[in-house]
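Inspection log for the structure reproduced underneath, given as structure tokens.
Coordinate-derived values only; no laboratory data. The shown structure was predicted, so the numbers you read here are calculated from the model rather than taken from an experiment. Using ideal geometry, Cβ is built from the backbone for each residue, glycine included, and neighbour counts are taken over all protein chains shown.
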Amino acid sequence: MWARAILAVVLLLLPTEIFAQPQKRIALLVANKGYSPAIGALKNPFNDIALVGEALSKQGYEILEPIKDGKRSTILGGVRDLVRRLNLAGSDAIGFFYYSGHGVADKNTNTNYIIPVDAPAPATSAFWDESLSLDEIIRILNGAGSAAKFIIFDACRNELQLPSKDMSKGMVPVAEQQGMFIAYASAQGRTASDFGDKAGPYAAALAAELSRPGKDHLDLFQNVKEAVLASTGDAQQPWESNGLRKRVKVTLPGKVSPMFAMIQAITGPHYVAVLSGRKTRQEAAKDIVQLKLVLGQLLPESTTFHVREFDRGSEGNVFRAVVGPLQEAHEATAICDRLIAQGFHRGDCWISTTQYTHPRN
């Protein structure tokens with residue numbers, strides 16, 4: 001009897017998300033590369049959607065049949081199918097639309113377009129009629145009103161051939177759309193790169209961030225932006241329009257046992273301890289600089305942290321950083337995630353409810 005009573009208390013204390021039904025996640029990926037010479041062929045769109053699709057699949061997304069070298073009607077049909085499935089999935093569904101290919105803006109109307117693979121040459125009068133406006137895609141996606149919708153345009157490629165100054169390879173600004181997060185691979189009016197052995201720089205950064213557990217959309221796309229800037233030497237700066245009311249977890253949480261989740265939820269404050277491996281003094285000093293930079297970016301000004309260096313003589317130097325106190329466990333987890341993304345080993349960053357003062361032997 002006592003065992004049942006204890007079990008009942010434990011179950012009541014466990015976070016509700018442990019027992020919640022998994023959130024329905026559905027993605028549509030579109031890649032256009034086989035354009036005519038009048039528009040400009042591309043190298044990586046098929047690679048882009050393969051890489052992004054694999055990352056999304058591992059995060060529990062249902063991947064609809066990818067559209068490759070799609071015509072206008074085919075792309076519109078895919079978007080409508082995505083909306084239909086989102087409406088069947090329930091109120092907390094997540095929709096993800098990713099496009100890799102050419103895009104263009106009409107400066108006269110301030111309208112953004114993606115270019116179907118069979119579009120006529122940009123110099124012809126039929127070009128705009130055969131292209132697909134972002135406004136039309138948004139209008140259709142608004143039909144899935146209760147779902148959180150992510151629209152990713154990895155477009156505006158340098159290779160696009162434009163004959164008129166009224167056309168722009170870069171997208172023009174769009175108004176914030178309620179219930180949608182719209183991300184662009186490059187800043188307003190700027191182009192995006194198609195270079196890369198296995199994918200373009202934006203797709204590579206996006207896929208890498210999608211592999212990290214427990215990421216909400218604001219953290220994830222900020223990390224994508226930083227990675228693209230770094231990989232392109234600041235030549236390409238992504239930008240976003242956020243119409244979501246609250247943070248949405250784009251990736252699944254990491255695997256946590258129910259008992260640990262219970263302890264994590266009811267205890268506090270939390271501390272993050274970071275310990276380097278045995279390194280030379282120069283290597284340890286370099287890591288300390290990187291650590292302080294990351295912590296300075298992540299932590300509120302009121303949060304304290306200190307770093308101590310320990311000389312191990314011939315064995316090399318180690319250092320330990322202690323961060324805290326932090327009232328929320330997710331704050332501590334975010335710090336470890338960012339440090340690991342910056343190259344620290346997963347085993348050298350851990351969370352505790354006590355403040356460590358001595359290095360581990």
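Observations
- Highest mean first, the peptides 287-294, 146-153 sorted by other C-beta atoms within 10 Å per residue fall in the order 146-153, 287-294.
- 24 Å Cα-Cα threshold exceeded, pairs from K43/K215; K24/K215; K198/K249; K225/K246: K43/K215; K198/K249
- Region 62-156, dipole about Cα centre (Lys/Arg Cβ +1, Asp/Glu Cβ -1), debye to the nearest 20: 160
- Neighbour-count order for E176, E283, fewest beta carbons within 10 angstrom listed first: E176, E283
- Arranged from fewest to most other beta-carbon atoms within 10 Å of their beta carbon, F46, F127 become F46, F127.
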